[in-house]
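**Student:** This is the structure I have questions about; it appears just below.
The values are calculated or read from the model by the stated rules, or taken from the named source; none is laboratory data. It should be emphasised that the depicted structure is a prediction, and the values quoted were computed from it without experimental measurement. Here Cβ is always computed from backbone atoms with ideal geometry, including for glycine, and neighbour counts include all displayed protein chains. Surface accessibility is based on the protein's heavy atoms, side chains included, excluding ligands, DNA and RNA. Shrake-Rupley method; radii C 1.70, N 1.55, O 1.52, S 1.80 Å.
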Amino acid sequence: MNREQLMDALGQLDDSLLEEVDQLRQAKPVSRRPLLRLGLAACLCLAIGAAVWAFPHLGTPPSDSNSTGSSGSGANSGSSSGIYIPPASVPEQESGISSDMSALFIYQGRCYVELSHTLPSQALLGSPLGSCTGSIDEWTQADGYTEGSGTISGTFYSLQGYDPTHLLGIPLETGEVQVFWNNNDLTLTQGREILSEMFHLDQDLSGIDVSQWDSSTSVPLTDTTCLDTLMTASFQPWNAPNQPDYRLTLHTFQGLRLDLSLYEGGYVTVEGLPSAALQLDDGVYRQLYNHIQEVLS
Amino acid sequence: MKDRDIVALYWQRDQEAIWHTQEKYHPYLMKIARGILGSEEDSQESVNDTYFKAWNAMPPHRPTVLSTFLGKITRQVSIDLWRRRNSWKRQGTEYALCLDELTQCTVSDPQEEVDAQLLAQTINRFVSQLSPQARALFVGRYFYCDSLKEVASYCHMSQGKAKSILFRTRNRLRNYLIEEGFQP
């Protein structure tokens, strides 16, 4: 058999299968963000589950400097010592049912999960650090979660100017770079630990776009001082009671983008971290809401 | 006009059938042809051939879903046309990329003849067993030859994730073909 015979055979797929896919193809494009959000929450569980499965030491709040922020004294304690983002339980696998898996890979014992936005060019790529195999799927056994394994294959690189313990990139054939971040097995106390230490947004912020949660149309915020407030805001355990009101997309001059969700009451979550929220004080929250409503009107 | 009315025109040998087909499905068919051929001129030729073949196929065929019936014709006509072109023109189309990717799935001597019907049935079974998400990606990429960006978009996921799922699906197809006896 050769690949052309395979291609010819694919031409004889059942009409019912083609019709099913055709409906998707013909559907009016919609923003993938709402689905992505739900997916990310599920995928994060899988990613973290995969990590703890492969690396049993995960799950214990770290005591060294490898972790962002100060060490937590208890999982999701919400105390001043921070919120520990623990590895979740390994998802149960039901025979014959495929899980919705996010792209992830394991490097130096850390589990890197994809961000929702890609870098538009490869200019930021640094040195190649290793490669991962696409060997992990929903049926992979525990011994398959090894160093260098992942749900995606390719060579991963450092990103120039960014700490490789936080961010790595894999170039795509489209010329873009898929960004991955190590967003689990860490303790968070303040927003700056992600916004500044990981993404350097305190120095490199080029703008903030805002949109209604369920809209793909965004407009720039003219006043970006809310970032200062987010830097010093404290994380607390979070279980989203409903959909957020707004989405904030933070842009850097280097092309990195990070999505935040803003909920009623001044709670802000970072993409991929559904179980921790920054809390703005009431005055700042009201001011930010008024500003958002002003620019969106 | 509804598909069944267009098909009825074909059966009545009314040439209005082709006009209505063109009006309803020309952009759809051109999209498939472009993915395989790249060139606008060749794609137009391929779609014109599709209308001719549809005219000859109905009767005896009476498709219930005209889009997939015509889409299959366009796909095969475009592939045949692609194969007739010189190798230097075989670059840069989604079809060429799809072929490269499917090399991962081939499991035996490239020269070996296989039972095309058996292979088609096997692939049908494989695709039917995929999750809806993986199926949409796989069929979109390898039947319709949509770009990675397009399949990721209408499946509402990042290109990285789509690429990852496609990679794993191709690996599964290879293993499935081996299990089903397509071995060297």
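**Student:** Let me understand region B:94-179 better: what is its radius of gyration from the alpha carbons, and its Dmax, in angstrom?
**Tutor:** Here Rg and the maximum Cα pair distance are 12.9, 39 Å.
**Student:** While we're here: Starting from the exponent 0.38 and prefactor 2.2 Å, build the expected Rg for region B:28-77 from its residue count and divide its actual Cα Rg by it. Could the numbers behind the result be given before it?
**Tutor:** Numbers: Rg = 10.6 Å, N = 50, 2.2 N^0.38 = 9.7 Å.
This ratio for region B:28-77 stands at 1.09.
**Student:** Quick check on my link table: of B:2/B:149; B:2/B:72; B:53/B:149; B:2/B:24; B:24/B:72, which ones sit more than 21 Å apart, alpha carbon to alpha carbon?
**Tutor:** As for pairs spanning more than 21 Å Cα to Cα, those are B:2/B:149; B:53/B:149.
**Student:** Interface size between chain A and chain B, please: total buried accessible area, 1.4 Å probe, rounded to the nearest 100 Å². Write out the running numbers ahead of the final one.
**Tutor:** On the way: alone 14920 and 10750 Å², together 20700 Å².
Using a 1.4 Å probe on protein heavy atoms, the buried area is about 5000 Å².
**Student:** For the pair residue A:4 and residue A:127, how long in nm is the line joining their label points, each one 7 Å along Cα→Cβ?
**Tutor:** Using points 7 Å along Cα→Cβ, the separation is 4.6 nm.
**Student:** Also, I was wondering about something else. Please enumerate, by chain and number, the aspartates and glutamates with C-alpha under 17 Å from the C-alpha of residue B:31, excluding those fewer than 8 residues away in the same chain.
**Tutor:** Partners within reach: A:19, A:22, B:23, B:40, B:41, B:42, B:45, B:49, B:80, B:94, B:146, B:150.
**Student:** Can you compute log10 of I(q)/I(0) for region B:3-88 with the Debye formula, treating each Cα as one identical point scatterer, at q = 0.10, 0.13, 0.18, 0.23 Å⁻¹?
**Tutor:** For region B:3-88 at q = 0.10, 0.13, 0.18, 0.23 Å⁻¹, log10 I(q)/I(0) is -0.23, -0.39, -0.69, -1.03.
**Student:** Counting heavy atoms of the protein chains only and a 1.4 Å probe, report the per residue accessible area for region B:3-88 as a whole number of Å².
**Tutor:** Values: 4280 Å² over 86 residues.
Ligands and nucleic acids excluded, the figure is 50 Å² per residue.
**Student:** Right, here's the next one. Could you tell me how many degrees, from 0 to 90 and to the nearest 10, lie between the Cα long axis of helix B:66-84 and the main elongation axis, the longest principal axis, of the Cα atoms of chain B?
**Tutor:** 70
**Student:** What list of ³J(HN,Hα) values in whole Hz, one per residue of region B:139-153 in order, does the Karplus curve 6.51 cos²θ - 1.76 cosθ + 1.60 (θ = phi - 60°) give from phi, with Gly and Pro shown as x?
**Tutor:** Using θ = phi - 60°, the values come out as 5, x, 6, 9, 9, 7, 6, 6, 5, 4, 4, 5, 5, 5, 5 Hz.
**Student:** Follow-up. Looking at chain B, what % of the alpha carbon pairs are farther apart than 24 Å?
**Tutor:** Numbers: 7851 of 16836 pairs.
Value for chain B: 47 percent of Cα pairs lie more than 24 Å apart.
**Student:** For region B:3-88, what is the relative contact order in percent, using Cα pairs closer than 8 Å and at least 6 residues apart in sequence? Each step should come with its number before you reach the end.
**Tutor:** Working: 73 pairs, mean separation 31.1, N = 86.
Averaging sequence separation for qualifying contacts and normalising by length gives 36 percent for region B:3-88.
**Student:** Using helices alone, I'd like the mean residue ellipticity at 222 nm for chain B: each DSSP H run of four-plus residues gives -39500 (n - 2.57), total over residue count, nearest 500.
**Tutor:** Working: 9 runs with 130 residues, N = 184.
Theoretical 222 nm ellipticity from helices: -23000 deg cm²/dmol.
**Student:** If you don't mind, another one. Ignoring ligands, DNA and RNA, please state the percent of accessible area on chain B from carbon and sulfur, probe 1.4 Å. Mind dumping the intermediate values first?
**Tutor:** Details: 4200 of 8360 Å².
Solvent-exposed carbon and sulfur of chain B make up 50 percent of the total.
**Student:** Need one word for region A:190-296: rounded, prolate or oblate. Basis is the Cα gyration tensor (sqrt eigenvalues a ≥ b ≥ c); a/c below 1.5 gives rounded, then a/b vs b/c decides. It would help to have the intermediate numbers written out before the result.
**Tutor:** Numbers: a/c = 1.32, a/b = 1.05, b/c = 1.26.
Rounded is the answer for region A:190-296, as its axis ratio a/c remains below 1.5.
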